[in-house]
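Sharing a structure with you now.
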Amino acid sequence: MSSMNTSNLTIETLKKMFSENKRFDSRKLFDLRPIKVESEVSNKAEGSARVFLGKTEVIVGVKMQLGAPYPDSPDKGNLMVSGDLLPLASPRFEMGPPGFEAIELPRLVDRAIRESGMIQLDKLVVTPKEKVWTVIIDIYPINDDGSLIDAATIGAVIALKNAEIPGIDESGNPDYDKKTGKLPLSKETAPFSFSFFKLGDSLILDPTREEEEACEARVTFGISKWNKQYMINSCQKSGETTFTKTEIEKMMNIIPEKFDEVNEKLKKFL
Amino acid sequence: MAKESKETKRESGRKLTEMRPMMAKVGVIPNADGSAMFAFGNTVAIAAVYGPRQLHPQHMQNPSTGILRCNYDLLSFSVADRKKPGPSRRSQEISKVTQWALLPAVNLKEFPNTVIDVQIYIIQADAGTRTAGINAASMALAHAGIPMRDLICSISVGKLDKDLVVDLDKSEEDFEGGEGPTDFPIAKFASKDEYTLLQLDGKIQPDVVKKILDLADEACKEIYEVQKNALKAVVETKVAEK
């Protein structure tokens, strides 16, 4: 795979195929690639997961640290999401300070998880107003073939699901060899993220890198279930074109369906 | 139930769909090719446009189109806890979504190899800063004479527990209880139902999204009038001066 930009020829071909509900890999526009998940891939982490979406591979780990609460939430633990687009994962990624993509990816995963209320941060207080657990989710793409945000969100959710809280030793520091039980999570809520991409008048889900590069705009939604209702928790539009009201309504109809589909596939990890 | 909804009435006394008083002024920065101020109540944004001008470094130039660069930031004293000067991850993200919000409206193909720089700063913040910034920037672009398909209007629609609410202020953004606060900043073409900014934090049922877009459409009509009048005013003053 070279790091060349998508050719106009490819873009035109994709535009035509999308308008006929076809794709290079014979999927329909809203079909997802096969999802494969492994949990507990790194035993030093409090929780971890590896996610494959087709050829896209992402590893996500959860670490926990003790620290002071944020002044605006003295009775809650903290959540931090970070991501690093390793040059290992794609010829597109380079060493050096994070570009916008590397900033946006963890922010979108953060918002999907935080706003869904999946992590019960109020149960992560050690000493009220003084000492709380900080949950740190680190995202590393290993092979980028598109849909990194959606893959990373799945990875983060599953890593959280198997995360265990470390012990605390006599001097008040974390004892990472001891485990004191599961991370407190809402039983009902596990968010997923779905990014719709637009090329011409067509919308697609779960693009490959090539499709993603050809597309003109993207909108990412975080969705979860809360009190038995589907809830959109986060949203961000990117790209140089617009989405029409009809398109947004269409996406709102598809999303619950896709949420159920992924939920069903990943049931044993959740 | 009725009692509950009374409790979630707005502190400011505004009706659920009532926006804060808006203010707009064009031509606030004489050095700039285009500039404007836009305020939603206590949130005040200023924007300057420089360009189209030659882009340096040269290797960033694009011979098939001009490029649009946006920078959004808060002045350090515009918020309760002083904001450390310089870009943060938040401001970098807002800069980028602002660029995406404005891009569909600007015809950059007419200016190959050039850059149009949009600089947005918040003087006073009381929530809705990105939307105020986009409204100001859209006027500044028009004021700079950049060919545009339409003006961009931007508004934040929110949900406080179950009530849909237009133009949240900071106290409402920090609302707690029920389904919590949801903030849904939206930008669109003034005269078409095409959306250029969609962002959201909170909890919203998929079937409520359409209602939110409808509320944003109504609000944007009012914003458009304010923007249009401010742009007209600057032209009329110029004519009068001659």
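The values are calculated or read from the model by the stated rules, or taken from the named source; none is laboratory data. The structure presented is a predicted model; accordingly, all values stated were derived computationally and were not measured. Note that each Cβ is placed from the backbone with ideal geometry, even for glycine, and that neighbours are counted across all protein chains shown.
When the residues of the range B:214-229 are filtered to those that are crowded, with 19+ Cβ neighbours inside 10 Å and within 18 Å of A:THR242 (Cβ to Cβ), which remaining residue is nearest to the other protein chains (Cβ to nearest Cβ)?
B:ALA216
Any residue in the range B:42-55 that's more than 20 Å from B:ILE155 (Cα to Cα): show its pairings with residues that are crowded, with 22+ Cβ neighbours inside 10 Å and β-branched (Val, Ile, Thr) at Cβ separation under 6 Å, as long as the two are six or more apart or on different chains.
Cβ pairs passing all conditions: B:VAL49/B:VAL118; B:GLY51/B:ILE116; B:PRO52/B:ILE116.
Same structure, new question: Do you know which residues across the range B:155-192 are more than 11 Å from chain A (Cβ to nearest Cβ), surrounded by 18 or more Cβ atoms within 10 Å (Cβ to Cβ) and over 27 Å from B:SER138 (Cα atoms)?
Once the filter is applied, which keeps residues that are more than 11 Å from chain A (Cβ to nearest Cβ), surrounded by 18 or more Cβ atoms within 10 Å (Cβ to Cβ) and over 27 Å from B:SER138 (Cα atoms), the range B:155-192 yields B:LEU160, B:ASP161, B:PHE175.
Another one. Any idea how many residues of the range B:230-241 are surrounded by fewer than 14 Cβ atoms within 10 Å (Cβ to Cβ) and at pLDDT 95 or above?
1
So if I check each of A:LYS179, A:LYS123, A:LYS129, A:LYS187, which one is surrounded by fewer than 15 Cβ atoms within 10 Å (Cβ to Cβ), of a type outside the set (Val, Ile, Thr) and free of Cβ contacts under 8 Å to residues at least 12 places away in the same chain?
A:LYS187
Out of A:VAL81, A:VAL132, I need the residue that is within 13 Å of chain B (Cβ to nearest Cβ), β-branched (Val, Ile, Thr) and in contact with a strand residue (DSSP E or B) (Cβ under 8 Å, 6 or more places away or on another chain). Which one?
Being within 13 Å of chain B (Cβ to nearest Cβ), β-branched (Val, Ile, Thr) and in contact with a strand residue (DSSP E or B) (Cβ under 8 Å, 6 or more places away or on another chain) holds for just one of A:VAL81, A:VAL132, which is A:VAL81.
Condition check: of a type in the set (Ser, Thr, Tyr), touching a strand residue (DSSP E or B) at 6+ places or on another chain (Cβ under 9 Å) and within 19 Å of B:ILE46 (Cα to Cα). Does B:SER76 satisfy that?
It is false that B:SER76 is of a type in the set (Ser, Thr, Tyr), touching a strand residue (DSSP E or B) at 6+ places or on another chain (Cβ under 9 Å) and within 19 Å of B:ILE46 (Cα to Cα).
Which is modelled with pLDDT under 95 and either of a type outside the set (A, V, I, L, M, F, W, C) or within 13 Å of A:PHE18 (Cα to Cα) (or both), of A:THR189, A:THR244, A:THR208?
A:THR189
Give the range A:63-115 a look and list any residue that's in contact (Cβ under 8 Å) with a residue 60 or more places away in the chain, touching a Gly at 6+ places or on another chain (Cβ under 7 Å) and of a type in the set (A, V, I, L, M), or say none.
Residue satisfying the conditions is A:ALA112 alone.
Something else now. Could you please find all residues in the range A:140-158 being among the aliphatic types (A, V, I, L, M) and under 17 Å from A:GLY222 (Cα atoms)?
A:LEU148, A:ILE149, A:ALA151, A:ALA152, A:ILE154, A:ALA156, A:VAL157, A:ILE158
Could you tell me how many of the residues in the range A:102-129 are of a type in the set (Val, Ile, Thr), part of a helix (DSSP H, G or I) and in contact with a strand residue (DSSP E or B) (Cβ under 6 Å, 6 or more places away or on another chain)?
Result for the range A:102-129: 1.
Here is a further query. Taking the range A:202-247, which residues are among the charged types (D, E, K, R) and either facing chain B (nearest Cβ under 8 Å) or in contact with a Ser or Thr (Cβ under 7 Å, 6 or more places away or on another chain) (or both)?
Correct list: A:ASP206, A:GLU210, A:GLU213, A:GLU216, A:ARG218, A:LYS225, A:LYS237, A:GLU240, A:LYS245.
Of all residues in the range B:105-122 being touching a Phe, Trp or Tyr at 6+ places or on another chain (Cβ under 9 Å), farther than 17 Å from B:LYS228 by Cβ and of a type outside the set (Phe, Trp, Tyr), which is surrounded by the fewest Cβ atoms within 10 Å (Cβ to Cβ)?
Filtering the range B:105-122 for residues that are touching a Phe, Trp or Tyr at 6+ places or on another chain (Cβ under 9 Å), farther than 17 Å from B:LYS228 by Cβ and of a type outside the set (Phe, Trp, Tyr), the one surrounded by the fewest Cβ atoms within 10 Å (Cβ to Cβ) comes out as B:ASP117.
Tell me, please, whether a residue that is at pLDDT below 95 and more than 12 Å from chain B (Cβ to nearest Cβ) can be found in the range A:96-116.
Yes, the conditions are met somewhere in the range A:96-116.
Go through A:LYS187, A:LYS178, A:LYS198, A:LYS268 for me and flag whichever is assigned to a helix (DSSP H, G or I), of a type outside the set (Ser, Thr, Tyr) and more than 11 Å from every other protein chain (Cβ to nearest Cβ).
A:LYS268
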